[in-house]
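Chemist: Right, I'll just put the structure down here and ask away after.
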Amino acid sequence: MPFPPPSHTPPGVPAGPRRRTLLASAAGAALLVGCTSESDSTATSSGSPSVAERTRARAASDSTGLAQQYDTAIAAFPVLADRLSELRAEAVRHAEAFGGAEPTPASTPTSASPTASASAAPPTEQDALAGLAAAERILVDRRTKALLEVPGELARLLASVAAAGAAHVYLLTEGAK
């Protein structure tokens, strides 16, 4: 049986995750991964990339692709620039934290990441925001699943970036209302 929305929720506003819920989830994820003492090995004995190295490279690529999606939305809808520029900057910082390079802003996106869903700009501002929220949600899920497969320090970084992504989803969807 679902819980009824809090009494302070105005009628017609959908009940969704609250900031406290997002913060509590992020804190719980950080605590879960914070108790490991494994080292962050970068290659297997055969010289092939380790799971940690592949995960780190994919996370950097995903964040770079996400920043490019933000670039596309900002170029298509300059009115959204104030709202999206800080979220784009966060995606760039995440790419750099994973060892990636800062993407160059471009008016036409490149499809460097599986999160880049289309090369054309979305038709409306709402579609642009929905597309960005969906891309953030995909990365949150991917990074949360990867937590169990990587050593401690990388797991903590993934948890932190996933928590930030969840907050971005909130800001792109619920925060707009």
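The values are calculated or read from the model by the stated rules, or taken from the named source; none is laboratory data. Just so it is clear, the model here is predicted, and its values are computed rather than measured. Neighbour counts are summed over all protein chains in view; Cβ atoms, including those assigned to glycine, are modelled from backbone coordinates with ideal geometry. With ligands, DNA and RNA removed, areas are computed over all heavy atoms of the protein, side chains included. Shrake-Rupley method; radii C 1.70, N 1.55, O 1.52, S 1.80 Å.
Chemist: Would you tally the net charge around residue 78, using a Cβ to Cβ cut-off of less than 15 Å, leaving residue 78 out, and scoring K and R as +1, D and E as -1?
Modeler: Working: positive: 83, 88; negative: 71, 82, 125.
Counting the neighbours of residue 78, the net charge comes to -1.
Chemist: What order, most packed first, do the peptides 123-134, 163-174 have when packing is the mean number of other Cβ atoms within 10 Å of each residue?
Modeler: Numbers: 123-134: 16.7, 163-174: 21.1.
So the peptides 123-134, 163-174, ranked by packing, come out 163-174, 123-134.
Chemist: Would you rank 98, 77 by solvent-accessible area, highest first, keeping every protein chain in place and using a 1.4 Å probe?
Modeler: On the way: 98 5, 77 30 Å².
Heavy-atom accessible area, descending, gives 77, 98.
Chemist: Moving to a separate point now. May I ask for the Kirkwood hydrodynamic radius of the range 126-169, worked out over all distinct Cα pairs and given in angstroms to one decimal?
Modeler: Details: mean 1/r = 0.0940 Å⁻¹.
Hydrodynamic radius (Kirkwood, Cα pairs) of the range 126-169 is 10.6 Å.
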